[in-house]
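Step one of this worksheet: look at the structure below.
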Amino acid sequence: MKEPIFTGSGTAIITPFTTDTIDYPALGRLLNFQLENGTDAIIVCGTTGEAATMSYVERMRAIEYTVRNVDGKVPVIAGTGSNNTENAITLSKDAALAGVDGLLVVTPFYNKATQTGLVRHFEAIANAVNLPVITYDVPSRTGVTIAPETYAQLSVHPNIIGTKEASGSFAQIQKTRELCGEGFYIWSGNDEDTAAICMLGGSGVISVAANLIPKEMHELTAACRRNDFAAAGRMQLRIRKLCEVLFCEVNPIPVKTALYLMGYCENILRLPLCEMSAPNRLRLQETLKEYGLL
């Protein structure tokens, strides 16, 4: 049976920027903060990392820097998805050369592939590398979802080990578990769904909130792994308000603003993302104070 690349809380790390490039000292501080507080994996160049606005060279350098600085302490997973299969293959091959432990590959956006097209897309990428591949289902951003029957087809591929599920459909997740069995792993793609997905047999979360509260997200998923869902439920409720405010505007605007307020990076986003509205920024700031983060 295939093994999960990690269990627990993996942080979908932001990419801090200067006015014209990646802010590597800030990225180093963020990685150290994660490692010192028990995160179980680092996911670099995903949605939260603003990979869509980074050049190919920037993406590869961010991946290489992360691998080098994490230095094997936890798995590093690189976001290498694209709406162009050949581009995704090239990114995936180069990320493998950079030394990542696995790949996170989003459904191809804008093209809105059929389910047959999704199977061929993911299989082509998985055939091109000798690394664990996690698919990423986020229909709110891509306009397409992975059906449970499609997961069942993908699950037989030796390199496709599971999925990051951000569809919000628990019926779909239950059916996927039934069709794919124990050797296909599911990670929550929504912080607020973490305990519930773990209760359905999920392996943890790929988390935005863990940028701010890595220890708490690690502890929540640890409670799930020891089947203490009463404790996990209490922890989930405790972070509800923080998770809510982190998505009051499109991710990663609030989480990057929060890390700026906490002193970890500059508040620089790349267009078409822009700064938070004044009312939401005030709401975020007050929530951070409430959670003892400021």
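The values are calculated or read from the model by the stated rules, or taken from the named source; none is laboratory data. Computed from a predicted model, the values in this text were never measured in an experiment. Note: ideal-geometry Cβ built from the backbone for every residue, glycine included; neighbour counts use all protein chains shown. Heads up: the accessible areas ignore ligands, DNA and RNA and are worked out on the full protein's heavy atoms, side chains in. Shrake-Rupley method; radii C 1.70, N 1.55, O 1.52, S 1.80 Å.
Return the lysines within reach of K2: Cα separation strictly under 17 angstrom, same-chain partners fewer than 8 residues apart disregarded; answer none if there are no such residues.
Partners found: K164.
Determine the percent antiparallel among the DSSP beta bridges restricted to the chain, to the nearest 5.
If we restrict to bridges inside the chain, about 5 percent are antiparallel.
What are the residues whose amide H is under 5 Å from the amide H of S203, where those residues sit 5 or more places off or on another chain and H is modelled from the backbone?
Result for S203 returns I186, W187, S188.
Residues of the range 30-46 with backbone nitrogen within less than 12 Å of a virtual label 7 Å along the Cα-to-Cβ line of E266, please, listed as ranges.
none
Rank V156, V255, V250 by accessible area, highest first, at a 1.4 Å probe radius?
Descending accessible area places them as V156, V250, V255.
For T114, T257, give the ranking by accessible area with the largest first, probe 1.4 Å.
T114, T257
Say a site is exposed when it is one of the GluC sites (Glu not before Pro), sits in a DSSP loop, and has at most 15 other Cβ atoms within 10 Å; what is then the longest site-free stretch of the chain?
My reading of the result: 1-181 is the longest stretch.
Between the range 190-264 and the range 51-101, what's the alpha-carbon centroid distance in Å?
Centre-to-centre (Cα) distance: 24 Å.
Please list, short to long, the whole-number percent of alpha-carbon pairs of the range 172-263 in consecutive 10 angstrom bins beginning at zero.
17, 46, 28, 9, 1
Taking only DSSP H segments of four or more residues, each worth -39500 (n - 2.57), what value at 222 nm results for the chain once the sum is divided by all its residues, to the nearest 500 deg cm²/dmol?
-13500 deg cm²/dmol
With a 1.4 Å probe and all protein chains kept in place, how much accessible area does I161 have, in Å² rounded to the nearest 10?
Counting only protein heavy atoms, I161 exposes about 10 Å² to solvent.
So what's the Cα pair-distance distribution over the range 119-196, bin width 5 Å, in %?
Once binned at 5 Å, the Cα pair distances of the range 119-196 give 3, 16, 29, 27, 17, 7, 1.
Quick check for you: with a 1.4 Å probe and neighbouring chains kept, what is the accessible area per residue of the chain, in Å²?
41
At 0.36 nm per residue, and after removing the present C-alpha to C-alpha distance, how many nm does the segment from L273 to S169 gain when stretched out fully?
Working it through step by step, the gained length comes to 34.7 nm.
Residue farthest toward the positive end of the dipole of the chain, with Cβ of Lys/Arg at +1 and Asp/Glu at -1: which of I197, S140, G162?
I197
Can you check what the Kirkwood hydrodynamic radius comes to for the chain, Cα pairs only, in Å to one decimal?
When all Cα pairs of the chain are included, the Kirkwood radius is 18.9 Å.
Please report, as a whole percent, how much of the solvent-accessible surface of the chain comes from carbon and sulfur atoms (probe radius 1.4 Å).
Using a 1.4 Å probe with all protein chains present, the chain comes out at 51 percent carbon and sulfur.
Could you work out how far apart the two model spin labels at R283 and N227 are, taking each label as a point 7 Å from the Cα in the direction of the beta carbon, and quote it in nm?
Reported label-point gap for R283 and N227 is 4.0 nm.
At 1.4 Å probe size, what's the solvent-accessible area of T150? Round to the nearest 10 Å².
10
How large is the accessible surface of K175 in square angstrom, using a 1.4 angstrom probe and rounding to the nearest 10?
The accessible area of K175 comes to roughly 90 Å².
Name the cysteines of the chain that stand alone by the Cβ rule: no other cysteine Cβ under 4.7 angstrom.
Unpaired cysteines in the chain: C45, C180, C243, C248, C265, C274.
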